[in-house]
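The values are calculated or read from the model by the stated rules, or taken from the named source; none is laboratory data. Predicted model only: the values in this text are computed from it and were never measured. With ideal geometry, Cβ positions are generated from the backbone for all residues, glycine too; neighbour counts draw on all protein chains shown.
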Amino acid sequence: MPINSRRLKHIFSDLSYIGEESDGSITRLALTDEDKSARDRFIQLLCEHDLSVRVDDFGNIYGRLEGKNPSSPPIVIGSHLDTVRHGGLYDGTVGVTAGLEILIALKEEQWKPDIPIEVVSFTNEEGARFPHPMLGSSALVNAAPEKTIREMKDSEGFTFQQELERIGYDGERNARLNRVHMYCEIHIEQGPLLEKSNKPIGIIKGIQGLSWHKVIFKGRSDHAASTPYHDRQDPMRATVHTMEKLYEKAEQQLTTGTFTIGKVEVQPNISNVIAKEVTTFLDIRNQDKKALQKDVDTIRSVIHDCNTSENVEIQDLAFQHPVTFSSRLLEELENICGQSGIETETMFSGAGHDAIYMPRLGETIMMFVPSKDGISHSKEEYSDWKDIYQSAEILYELVKKESSLSKSSTFMKEANK
């Protein structure tokens with residue numbers, strides 16, 4: 001078969017272990033030295049296989065196999081190389097690795113595509129360092145003001161632009177991706193559905209919308225031993241009470257979506273000091289646009305009902321509407337899988353991915369491979385290589401078909417008008 005399994009594993013190992021911690025987890029936060037090492041190695045691999053390289057002014061990296069019509073919108077295969085803190089090997093890296101291997105395999109076959117084919121690694125997909133997930137891909141479609149993105153700060157006060165320049169990945173504005181013939185992404189599922197249904201491939205109809213919020217509970221620091229309860233202004237009590245009410249409401253009403261409190265920060269965070277401030281970070285998701293807004297309104301209402309305006313502040317961090325992907329490409333993938341006797345599951349993605357912004361640039365589709373026990377963002381994260389290899393084979397066939405304009409169903413529809 002065209003995809004070289006041994007080389008696919010080798011490329012994956014080259015990239016995925018960068019940033020390995022002593023406990024076996026991976027920390028490769030966006031624009032850190034570890035991220036720079038992964039970026040450098042990715043570019044080295046692109047150059048080793050004679051693929052042209054460019055970097056845009058948000059640090060997105062592109063490798064390109066030229067087509068007979070260089071000015072045509074390219075086929076783009078993408079994902080990301082950054083991780084969460086103490087994450088796993090597979091999240092994001094599988095998609096970048098598969099994309100690179102597909103380009104190498106096409107080149108080895110001496111395939112002459114009618115249109116260019118690219119692999120891209122996007123910047124700060126996780127949002128684990130700079131609090132805007134899918135930052136590099138969202139910037140391409142002006143999902144947030146450019147000034148806001150460049151001035152965004154991490155927990156230590158460093159801005160996105162400062163760190164982009166520090167690691168040497170502040171590329172060229174004219175290198176940005178602005179149109180695609182097709183965007184496709186292979187990703188681990190990060191959930192249990194495929195494993196439970198015993199299906200090796202998930203074909204993704206779309207991605208749930210998300211809304212991220214910071215809720216700050218304010219109080220007054222005092223000595224834990226000598227301050228009577230009736231004299232305390234303890235934001236921790238307000239936080240715990242509000243959290244309990246939020247989870248109760250979520251279980252009762254958010255039947256089609258999810259609600260998570262994933263991060264809590266306490267100031268000054270000393271065991272014998274009453275907190276001055278407690279900050280919680282909320283994650284709300286739904287695959288329906290109206291339902292997502294209703295969920296956000298419900299959560300806001302609970303927070304305000306439990307607190308006064310003086311002791312709580314809600315800040316909006318990020319919002320992304322749900323998206324649906326190309327039904328044509330979904331059908332193409334189903335046909336390819338069916339012809340190979342591969343069972344598939346058609347599903348929505350619960351997690352956000354760079355693909356969520358790509359429909360603004362052209363037709364988009366995603367594939368999932370199963371995650372063992374549904375685990376992700378953990379050193380226990382694992383996907384079977386048989387499934388990864390098979391997904392790369394399937395996408396190879398789709399890319400090859402779409403890059404031949406005489407065989408592409410899009411071309412045929414245009415020609416028959």
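Structure data summary
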read-out: The one condition in (1) assigned by TED's automatic domain parsing to the domain that holds Asp154; (2) closer than 26 Å to Phe130 by Cα that Gln315 fails to fulfil; value: (1)
read-out: Output for region 341-367, where each listed residue is hydrophobic (A, V, I, L, M, F, W, C) and either in a loop (DSSP other than H, G, I, E, B) or in the same structural domain as Asn286 (by TED's automatic domain parsing) (or both); value: Ile342, Ala351, Leu361
read-out: Options Ile336, Ile356: the member that is surrounded by 15 or more Cβ atoms within 10 Å (Cβ to Cβ), out of contact with any strand residue (DSSP E or B) (no Cβ under 7 Å at 6 or more places or on another chain) and among the β-branched types (Val, Ile, Thr); value: Ile336
read-out: Those residues of region 273-297 which are over 22 Å from the mean Cα position of the chain (by Cα) and farther than 28 Å from Pro359 by Cβ, in sequence order; value: Val273, Ile274, Ala275, Lys276, Glu277, Val278, Thr279
read-out: Which listed residue is at negative phi, in contact (Cβ under 8 Å) with a residue 24 or more places away in the chain and of a type outside the set (Phe, Trp, Tyr), from Gly350, Gly374; value: Gly350
read-out: Members of region 164-185 that are more than 19 Å from the chain's Cα centre (by Cα) and either of a type in the set (Lys, Arg) or assigned to a strand (DSSP E or B) (or both); value: Arg166, Glu172, Arg173, Arg179
read-out: Residue list for region 290-319, filter: in contact with a Gly (Cβ under 9 Å, 6 or more places away or on another chain) and closer than 12 Å to His213 by Cα; value: Leu317, Ala318, Phe319
read-out: Filter pass, Asp231 being exposed (fewer than 13 other Cβ atoms within 10 Å of the Cβ) and either over 31 Å from the mean Cα position of the chain (by Cα) or of a type in the set (Ser, Thr, Tyr) (or both); value: yes
read-out: Per-region count, region 250-284, residues within 30 Å of Gly350 (Cα to Cα), touching a strand residue (DSSP E or B) at 6+ places or on another chain (Cβ under 8 Å) and not in a loop (DSSP other than H, G, I, E, B); value: 17
read-out: Residues being among the polar types (S, T, N, Q) and surrounded by 18 or more Cβ atoms within 10 Å (Cβ to Cβ) - total across region 162-181; value: 0
read-out: Residue count, region 186-232 (criterion: assigned to a helix (DSSP H, G or I), in contact (Cβ under 8 Å) with a residue 24 or more places away in the chain and not aliphatic (A, V, I, L, M)); value: 2
read-out: Failed item in (1) under 24 Å from the mean Cα position of the chain (by Cα); (2) farther than 16 Å from Gly350 by Cα; (3) surrounded by 14 or more Cβ atoms within 10 Å (Cβ to Cβ); (4) not aromatic (Phe, Trp, Tyr), with Met243 passing the rest; value: (1)
read-out: Unique residue being of a type in the set (Val, Ile, Thr) and loosely packed, with under 14 Cβ neighbours inside 10 Å when the list is Thr346, Thr298, Thr280, Thr324; value: Thr346
read-out: Residue in region 321-340 that is part of a loop (DSSP other than H, G, I, E, B) and either basic (Lys, Arg) or touching an Asp or Glu at 6+ places or on another chain (Cβ under 7 Å) (or both) present; value: yes
read-out: Residues being surrounded by fewer than 24 Cβ atoms within 10 Å (Cβ to Cβ), over 21 Å from Gln44 (Cα atoms) and of a type outside the set (Phe, Trp, Tyr) - total across region 71-114; value: 11
read-out: Residue among Ile274, Ile261, Ile216, Ile270 that is buried (at least 19 other Cβ atoms within 10 Å of the Cβ) and modelled with pLDDT of 95 or more; value: Ile274
read-out: Residue in region 233-245 that is at pLDDT below 95 and outside any loop (DSSP other than H, G, I, E, B) present; value: no
read-out: Pair list, Cβ < 8 Å and 6+ apart or interchain, from region 36-60 residues that are under 12 Å from Asp14 (Cα atoms) and surrounded by 19 or more Cβ atoms within 10 Å (Cβ to Cβ) to residues that are modelled with pLDDT under 95 and among the polar types (S, T, N, Q); value: none
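Residue-wise test of (1) at pLDDT 95 or above; (2) within 16 Å of the chain's Cα centre (by Cα).
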| site | (1), (2) |
| --- | --- |
| Phe319 | no, yes |
| Glu331 | yes, no |
| Gly338 | yes, no |
| Gly341 | yes, no |
| Thr364 | yes, yes |
| Met367 | yes, yes |
| Pro370 | yes, no |
| Ser376 | yes, yes |
| Tyr382 | yes, no |
